Structures are given as structure tokens and as C-alpha cells.
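The values are calculated or read from the model by the stated rules, or taken from the named source; none is laboratory data. Quantities reported herein were computed from a predicted structural model and do not represent experimental measurements. Positions of Cβ are backbone-derived with ideal geometry, glycine not excepted, and every protein chain shown enters the neighbour counts.
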Amino acid sequence: MDDPDGINSPIRELRRLYRDAEAKAARLRLIVDVRTMFDAGPVDASMHGALSAIAGFSGASMASIRAETDMRWQFPANGVEHGALNESTAHAFVGKGWAGGEQVELRIAGLAAALEEADRDAIQVVTDQIAGFLASERQRVLRGQLTADLKARERDLENLVKAMIGAQEQERRRIAYDLHDGVAQSLVSLLFRLEAAGVTVSDASPAKEAIESGIEIVRMSIGDVRGAIEALRPAELDDLGLEAALRARLDDIDCVQISFHADLGGSRLSDVLEVTLYRVAQEALANAVKHSGCSRIDLRLASEHPQSVSLAITDNGQGIADLSMSRERGQGVGMSAMRERMALIGGSLCVQSEPGGGTSVIARAPVSVTLKEFM
């Protein structure tokens, strides 16, 4: 039919522009929807949702994805096998992308009509999205495996540290028992014999003074052995915990003024943590008493927050000028030992000192297990 006034020509152009706009919107919607699917769900659900959207967009009966590592997804699940589809198949399309160093193929088949170039471009964009998603997912899985391996190694290291510290403490117990049942008992027996001999010797005898001198030496030796036994493994540490063991240790120090404050809320720490902090306190107190020339020692044990505990030993002595001086005064090895002990349990040791200003030894450690209530 003739159109003398040219009325139909603008209408046809408007219709064409409308169809083009709808087609562009559909392509954009496909790209956005697929991206949204990758952000929203697990891998299998995201891949099947993306393939369903691609098949619906292109009017295909089947769509599938395959990677070189033989990962594959297909929509519908009971459709034609992926390997049977190629670009020579009637009304088929193959898009390719790269997931890291691995090629990914998107294949669609059973098209009602051949795809326009713009539609092919949109599907290729989606193919690149899928390849990027699979690459990210592979990296996520790899990171998860590495994280799991790292946590397993950390658990193994923690168990090793516990076993090592446990072996050290067990050896200390054995030595303490040996000293108690061997040397200490022998010295006590010797003391009894010397005292019995002293009774039979007259006060005017030259041997009387020698026996009494021997008795005094034996008594001092018994005291030294018992002190060594107590230092090797204080009974309070096993029976009552760190706070009680520290109080008992401080009771034995009578040459300086002692201040002790504990704030653990009536709770026990793990065995490994209690033993480590006790050994650090033992070494720091020995250094302060023997080398600092102090008149006062302040000791504070506190739970800084639910996952951390701190132990601070502060004296008002002459301080430490530098590390070389501390070695000359016999403290260098002890400091190193304390640092190594704290490092083994993931903790830290900080030494703050200046000449004439005293010394502070601060140990901090994570509470690796939940605090167990003291019963």
C-alpha cells in the first residue's frame, strides 16, 4: 500500500528503535543478572542459574560450561552431553574465556534462530564473567586449603610445645623426687647420726666442736636441697594454681619488701600457661633479688581481657644500662630463657629499665584455651 505522505516511515523507525532498546536492555539484564548470581550463592547454584539465564536469553534448549580441569555444569541437567556440541552444530554458539591459566568454554545449542552479533558479544561478556568467577572460586578454595593446612600446623606446633613443656616439667618432677628420696633422706639420716654422736661426746672433747660444725653444715645442706626441690616443682602449682604458687614463692623472699596483686577472677589458666608464667616469674624474681640491689618488688598478675593474661615484675633497683651489662651481671641468659619460654606459647616479653630507675619485666600471653574455673 502506498504511503504518499511518508507517515509509516517514522513509525517503522520508532518500532525499530524500540526493538533495539529492548534488545540492549535484555543483554544488559543478562550481564547484570549473571553477575548477581555469582555474588549471591554457592558455586553449583550460581552456575546453574547463570546457564538457565543464558539459555533463556538466547532461546536455546541447552547450555553448558566446561573447564580444562574437567569441571562441568549443564542446563538442563539431562540435556545433550557437552562434548557433543561444537560450532558446527546447527544453531550453536561456543564462547571461550580464561580462568587464570585454564580455558573455559560456554556452549549453547538448540537455538531457535542464529544469534545476532550483539547477542554473541553479550554472551561472550558473560563467558568472561564465568571464567573470572571460576578463577576467583579456585583461589578461594586454594586459600581455604592453605588456611586449613596452616591451622593444622599451628595445632601440631601447639601440641608439640605442650608436649615439650610437659616433658621438661616431668623431668623436673623426677629430679625433685630423686633429690627428696635420695640426697635429702641421706642428709637427714646423716644429721640424726651426727646429733646422736654429739650426745655421746663430752663438751670438753675436741671432737664436740667438729661434730656441731658438721651438724650445722648438714642442716644448711638440707635447707638448700629442700629449696632446690621446691624450685624444681612447687606443689602449689599443681594443687592450687599459679596465684598460690607465686604467693608461696614470694613468702620465701624476706630480704626485700614484696607487693603482690592478682586479678584472675578466681580462675585457673591452662597448665602450660601457668607453668610458663611461673618460670618467668621465678627467673625475674631471682634476677631482682640477686642483681638489682632493690628494696621493693611489685608483682602483678592480671587478665587484660578474655583472651590475654599479663605478668609484671617491677623492682626499684639500680636498673639495667644495656644488654651487655646485664650479661656481665649474669642476667643475659635468664632474659633469653624467659623470652624463649614466652615465644613458645605465642607470648612476648618486654624489659623496661634505665640506670637508677629500676626494672620492669612484663610478660604477655594469649589464653589459648578457655579459663577453667578453680574448684
Checklist entry - Got at least one residue in region 61-69 being touching a Ser or Thr at 6+ places or on another chain (Cβ under 7 Å), assigned by TED's automatic domain parsing to the domain that holds residue 22, modelled with pLDDT of 85 or more and closer than 17 Å to residue 132 by Cβ? => result no
Next on the checklist: Going residue by residue through region 114-125, is there one that turns out to be assigned by TED's automatic domain parsing to the domain that holds residue 28, modelled with pLDDT of 85 or more and either aromatic (Phe, Trp, Tyr) or closer than 16 Å to residue 39 by Cα (or both)?
Outcome noted: no
Checklist entry - Mind checking which residues of region 243-262 are surrounded by 13 or more Cβ atoms within 10 Å (Cβ to Cβ) and either over 17 Å from residue 286 (Cβ atoms) or in contact with a Ser or Thr (Cβ under 8 Å, 6 or more places away or on another chain) (or both)? => result 243, 244, 256, 262
Checklist outcome for this item: Conditions (1) under 28 Å from residue 101 (Cα atoms); (2) among the polar types (S, T, N, Q); (3) in contact with a strand residue (DSSP E or B) (Cβ under 9 Å, 6 or more places away or on another chain) -> residue 61 fails only (1)
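Among the residues in region 307-316, are any farther than 16 Å from residue 360 by Cβ, at pLDDT below 85 and not hydrophobic (A, V, I, L, M, F, W, C)? Even if it seems obvious, please write down each step before you answer.
Quick first cut of region 307-316, residues farther than 16 Å from residue 360 by Cβ only: 307-309.
With the extra rule that they be at pLDDT below 85, the set shrinks to 307.
Checking which are not hydrophobic (A, V, I, L, M, F, W, C) leaves us with 307.
So far as region 307-316 goes, yes, one or more of its residues are farther than 16 Å from residue 360 by Cβ, at pLDDT below 85 and not hydrophobic (A, V, I, L, M, F, W, C).
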Item to check | Pairs with Cβ under 7 Å, 6+ apart, first in region 245-263 and more than 30 Å from residue 306 (Cα to Cα), second buried (at least 16 other Cβ atoms within 10 Å of the Cβ) | outcome: 253/285; 253/289; 255/289; 256/289; 256/294; 256/297
Checklist entry - Filtering region 70-87 down to residues that are more than 45 Å from the chain's Cα centre (by Cα) and of a type in the set (S, T, N, Q), which residue is modelled with the highest pLDDT? => result 78
Checklist entry - Right, residue 140: over 36 Å from the mean Cα position of the chain (by Cα), without any contact (Cβ under 8 Å) to a residue 40 or more places away in the chain and in a helix (DSSP H, G or I) or not? => result no
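Across region 1-45, which residue is modelled with the lowest pLDDT among those that are of a type in the set (A, V, I, L, M, F, W, C) and over 23 Å from residue 132 (Cβ atoms)?
We begin by selecting, within region 1-45, every residue of a type in the set (A, V, I, L, M, F, W, C); these are 1, 7, 11, 14, 17, 21, 23, 25-26, 28, 30-32, 34, 37-38, 40, 43, 45.
Cutting the leftovers down to over 23 Å from residue 132 (Cβ atoms) gives us 1, 7, 11, 14, 17, 21, 23, 25.
Details: 1: 49, 7: 56, 11: 77, 14: 78, 17: 78, 21: 83, 23: 81, 25: 89.
Looking at residues that are of a type in the set (A, V, I, L, M, F, W, C) and over 23 Å from residue 132 (Cβ atoms), I get 1.
Name the single residue, out of those in region 8-51 being acidic (Asp, Glu) and either without any contact (Cβ under 8 Å) to a residue 12 or more places away in the chain or surrounded by 15 or more Cβ atoms within 10 Å (Cβ to Cβ) (or both), that is nearest to residue 75 (Cα to Cα).
Checking each candidate, the answer is 33.
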Checklist entry - Within region 200-211, can one find any residue that is in contact (Cβ under 8 Å) with a residue 40 or more places away in the chain, more than 30 Å from residue 32 (Cβ to Cβ), among the charged types (D, E, K, R) and surrounded by 12 or more Cβ atoms within 10 Å (Cβ to Cβ)? => result no
